[in-house]
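Visitor: Once you've had a glance at the structure underneath, I'll fire off some questions.
The values are calculated or read from the model by the stated rules, or taken from the named source; none is laboratory data. Just so we're clear, the structure is a prediction, and the values are computed from it rather than from any experiment. Cβ placement follows ideal geometry from the backbone for every residue including glycine, while neighbour counts extend to all protein chains displayed. The area values use the complete protein model at the heavy-atom level, side chains included, leaving out ligands, DNA and RNA. Shrake-Rupley method; radii C 1.70, N 1.55, O 1.52, S 1.80 Å.
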Amino acid sequence: MNAALDTPGPLPAPAIALRHATGVEGLTIPQLGLGTYKVSDDDAHRTVSQALEIGYRHIDTAQMYGNEAGVGRALAASGLPRDDLFITSKLNNPNHRRADAMRSFDETMDRLGLDVLDLFLVHWPLAASEGIDLVETWETMGEILSTGRVRAVGVSNHRPWHLRRIIEATGLTPAVNQIELHPYLRQDELRALHAELGVVTESWSPLGRSRLLHDPDLARLAAELGVTPAQVVIRWHLQHGIVVIPKSVHVERMRANADVFSFTLDAQAMGAIDALDRGLRTGSHPDEVQL
Ligand SMILES: NC(=O)c1ccc[n+]([C@@H]2O[C@H](COP(=O)([O-])OP(=O)(O)OC[C@H]3O[C@@H](n4cnc5c(N)ncnc54)[C@H](OP(=O)(O)O)[C@@H]3O)[C@@H](O)[C@H]2O)c1
């Protein structure tokens, strides 16, 4: 066990600098956070409260998840200073047009009970949806940034051509691209482009929605190291410099998923995990998501 987790206080997770689309100089994102997809509004209150007690300070929610109010109640009840927290939400698919984006951002802030959000992402690119324009949506995100009510804006599920198109059209590079990424889906092309552009890579479904936890190679590696497969996978993300947001509603799993700072994976182990890539998506392909 990591002794730091037995006492209240933030996890010893490194922070990663956000280089673009921020309104605050020197803004950073904690590299390990808690995902909340499929957590109900009621459960979000309990789960996020427990996560904050364990030491998580970075919470990932979305308009689509229907749990921003529960997350907000947990943040308020925690009594933690606002500046110690990093809260992300995401623009839902029906809200891409300018007026809807502005209104829904206000609603997000009301539900979360925050004056300032840390990161607001375009959840899906919706490039194939009639009447939706990637560039207009991204321009609106820039407008929301300029209000000062969000510290950074970014995107999610954007493929290389989506990124190039919105950057070329607006001159504004997203702070983050949150994408499906795990050892079965390494996303080399996007990671290389992010590195070139200075976009921070954030993994969603970092455990492959638990599919990775049944992998025999990972189980063997975990047993050798005396840790769990989930801890090995989370450590792999961290050592690749990726922001990682595993989701659990179970307190012991949340604690274990955060207890990943007392061991390291050597180059051979990292290479063996890299070799598990099989192009497996557990969620939707960005080209398939439409309004
Ligand atoms: N931007 C996007 O389009 C997008 C899409 C999907 C997800 N996300 C974000 O990314 C977050 C993470 O992705 P995800 O929730 O899809 O999947 P995930 O984090 O890869 O996996 C979550 C699953 O693994 C289980 N689990 C977690 N820790 C475990 C452990 N230590 N041992 C055994 N099982 C464990 C959880 O079960 P229990 O909860 O029952 O413990 C849950 O079933 C989401 O919650 C959401 O915030 C974003």
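Visitor: Check every one of the strands (runs of 3 or more DSSP E) wholly within region 127-208 and list those with 1 or more residues that are away from the ligand (no atom under 13 Å from the Cβ) and buried (at least 18 other Cβ atoms within 10 Å of the Cβ).
Guide: Of the strands (runs of 3 or more DSSP E) lying wholly inside region 127-208, those with at least 1 residues that are away from the ligand (no atom under 13 Å from the Cβ) and buried (at least 18 other Cβ atoms within 10 Å of the Cβ) span 150-156, 200-204.
Visitor: Please enumerate the residues belonging to region 228-264 that are buried (at least 19 other Cβ atoms within 10 Å of the Cβ) and assigned to a loop (DSSP other than H, G, I, E, B).
Guide: Result: 228, 242, 245, 246, 247, 248, 259, 260.
Visitor: Being in a loop (DSSP other than H, G, I, E, B) and more than 9 Å from the ligand (Cβ to nearest atom) is the filter; apply it to region 209-226 and report the residue that is farthest from the chain's Cα centre (by Cα).
Guide: 226
Visitor: Could you please tell me which pairs satisfy a Cβ distance under 7 Å, a separation of 6+ or placement on different chains, a first residue in region 141-157 that is touching a residue at least 40 places away in the same chain (Cβ under 8 Å), and a second residue that is among the polar types (S, T, N, Q)?
Guide: Between residues of region 141-157 that are touching a residue at least 40 places away in the same chain (Cβ under 8 Å) and residues that are among the polar types (S, T, N, Q), the close pairs are 142/170; 151/22; 152/22; 154/177; 156/177; 156/178.
Visitor: Now for a different question. Mind checking which pairs have a first residue in region 179-193 that is closer than 9 Å to residue 277 by Cβ and a second that is more than 11 Å from the ligand (Cβ to nearest atom) and open to solvent by less than 10 Å² (accessible area, probe 1.4 Å), Cβ under 6 Å, 6 or more apart or different chains?
Guide: Pairs that qualify, where the first residue is closer than 9 Å to residue 277 by Cβ and the partner is more than 11 Å from the ligand (Cβ to nearest atom) and open to solvent by less than 10 Å² (accessible area, probe 1.4 Å), are 183/273.
Visitor: May I ask you to list the residues in region 227-262 that are away from the ligand (no atom under 15 Å from the Cβ) and over 17 Å from the mean Cα position of the chain (by Cα)?
Guide: Within region 227-262, 261, 262 qualify.
Visitor: Separate question: Could you give every pair whose Cβ atoms fall below 6 Å, whose first residue belongs to region 97-124 and is at positive phi, and whose second residue is more than 16 Å from the ligand (Cβ to nearest atom), counting only separations of at least 6 or pairs across chains?
Guide: 113/76
Visitor: Go through the residues of region 37-50 one by one and say whether even a single one is modelled with pLDDT of 95 or more and more than 16 Å from the ligand (Cβ to nearest atom).
Guide: Checking region 37-50: not a single residue is modelled with pLDDT of 95 or more and more than 16 Å from the ligand (Cβ to nearest atom).
Visitor: Residues 40, 49: which one is under 23 Å from residue 104 (Cβ atoms), open to solvent by 30 Å² or more (accessible area, probe 1.4 Å) and among the polar types (S, T, N, Q)?
Guide: Of 40, 49, the one residue that is under 23 Å from residue 104 (Cβ atoms), open to solvent by 30 Å² or more (accessible area, probe 1.4 Å) and among the polar types (S, T, N, Q) is 40.
Visitor: Working only within region 71-88, note down all residues that are within 16 Å of the ligand (Cβ to nearest atom) and over 18 Å from the mean Cα position of the chain (by Cα).
Guide: 74
Visitor: Here's a follow-up. If we scan region 266-281, do we find a residue that is of a type in the set (A, V, I, L, M) and touching a His at 6+ places or on another chain (Cβ under 6 Å)?
Guide: Scanning region 266-281 turns up no residue that is of a type in the set (A, V, I, L, M) and touching a His at 6+ places or on another chain (Cβ under 6 Å).
Visitor: Turning to a different aspect of this structure: Can residue 121 be described as assigned to a helix (DSSP H, G or I) and in contact with a Gly (Cβ under 6 Å, 6 or more places away or on another chain)?
Guide: Spelling it out, it is not the case that residue 121 is assigned to a helix (DSSP H, G or I) and in contact with a Gly (Cβ under 6 Å, 6 or more places away or on another chain).
Visitor: Restricting to region 271-288, count the residues that are open to solvent by 20 Å² or more (accessible area, probe 1.4 Å) and of a type in the set (A, V, I, L, M, F, W, C).
Guide: 3
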